[in-house]
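The values are calculated or read from the model by the stated rules, or taken from the named source; none is laboratory data. Given the structure is predicted, the values throughout are model-derived calculations rather than measurements. Ideal geometry is used to build each Cβ from the backbone, glycine not excepted, and the neighbour counts take in all protein chains shown.
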Amino acid sequence: MEFSSKLLENAVSEMSQLPGIGKRTALRLVLHMLRQPKEQTNTLSQALVQMRTNIKFCKSCNNISDVDICEICANPNRDKSIICVVEDVRDVMAIENTSFFKGHYHVLGGKISPIDGIGPHDLNINSLVEKVKSGDVSEIIFALSSTMEGDTTNFYIFKQIQDYNITTSTIARGISIGDELEYTDEVTLGRSIVNRVPFESSLKL
Ligand SMILES: [Zn+2]
């Protein structure tokens, strides 16, 4: 792509670093910004900088938050003895949208994936095991996607906590959240949480 301006080229180059944004789309977005009032680009860049600078991860569940302890963990009406283990904040949002779950979450920040160089220590697993050890947890619900990486992660965590006196369950198989969320309506996802099955029985399938 030949550019008549180095500034234009830089902006397109930065924009095209984003996932799903090729050079052509980046150029279209940048040209769109040039047609808009300058203030709009300022507002956009300020929102991005503020988000990146000030955002926090909940000290209890690792959910993305504006404060040290997220609204879900801080809500006294929620049952902190039931913890739903998810991959990232999108899963929290999806499950919250169903209104079927009133416990707490634990956000792992990914799944174990040797191919991508992601091991258990790259994820927020230790803090989950510590919560179980503290004795305040009665049930862990695994809500990771039913991929090989999701299964590996579930099993790894299960091995760490199986000797403690808690229930472990998994959402109904075949329900994928996160990336495949758009294919799962809220009622189906909500039901899969309500009708969760013991984790051990899911291993035999
Ligand atoms: Zn939290």
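Just a few scattered comments:
- Matching option when the condition is away from the ligand (no atom under 16 Å from the Cβ) and either of a type in the set (Asp, Glu) or surrounded by 19 or more Cβ atoms within 10 Å (Cβ to Cβ) (or both), among 138, 145: 145
- Criterion: within 11 Å of the ligand (Cβ to nearest atom), in a helix (DSSP H, G or I) and either assigned by TED's automatic domain parsing to the domain that holds residue 191 or closer than 20 Å to residue 170 by Cα (or both) - qualifying residue of 129, 92: 92
Each row is one residue, and each column tells you yes or no for (1) assigned by TED's automatic domain parsing to the domain that holds residue 194; (2) more than 26 Å from residue 104 (Cβ to Cβ); (3) within 16 Å of the ligand (Cβ to nearest atom); (4) modelled with pLDDT of 95 or more.
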| position | (1), (2), (3), (4) |
| --- | --- |
| 18 | no, yes, no, yes |
| 23 | no, yes, no, yes |
| 26 | no, yes, no, yes |
| 29 | no, yes, no, yes |
| 32 | no, yes, no, yes |
| 39 | no, yes, no, yes |
| 45 | no, yes, no, yes |
| 63 | no, no, yes, yes |
| 76 | yes, no, yes, yes |
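- Taken as a whole, the range 97-104 holds at least one residue that is more than 16 Å from residue 152 (Cα to Cα), assigned by TED's automatic domain parsing to the domain that holds residue 194, among the hydroxyl-bearing types (Ser, Thr, Tyr) and part of a loop (DSSP other than H, G, I, E, B).
- Applying the set (1) among the aliphatic types (A, V, I, L, M); (2) crowded, with 21+ Cβ neighbours inside 10 Å; (3) closer than 18 Å to residue 168 by Cα; (4) within 16 Å of the ligand (Cβ to nearest atom) to residue 82 leaves exactly one unmet item: (2).
- Filtered residues of the range 44-64 (kept if part of a helix (DSSP H, G or I) and surrounded by fewer than 12 Cβ atoms within 10 Å (Cβ to Cβ)): 45, 46, 47, 48, 49, 50, 51, 52, 53, 54
- The residues on offer are 9, 2, 39, and the sole one that is part of a loop (DSSP other than H, G, I, E, B) and of a type outside the set (S, T, N, Q) is 2.
- The condition of being exposed (fewer than 13 other Cβ atoms within 10 Å of the Cβ), more than 14 Å from the ligand (Cβ to nearest atom) and more than 28 Å from residue 187 (Cα to Cα) does not hold for residue 68.
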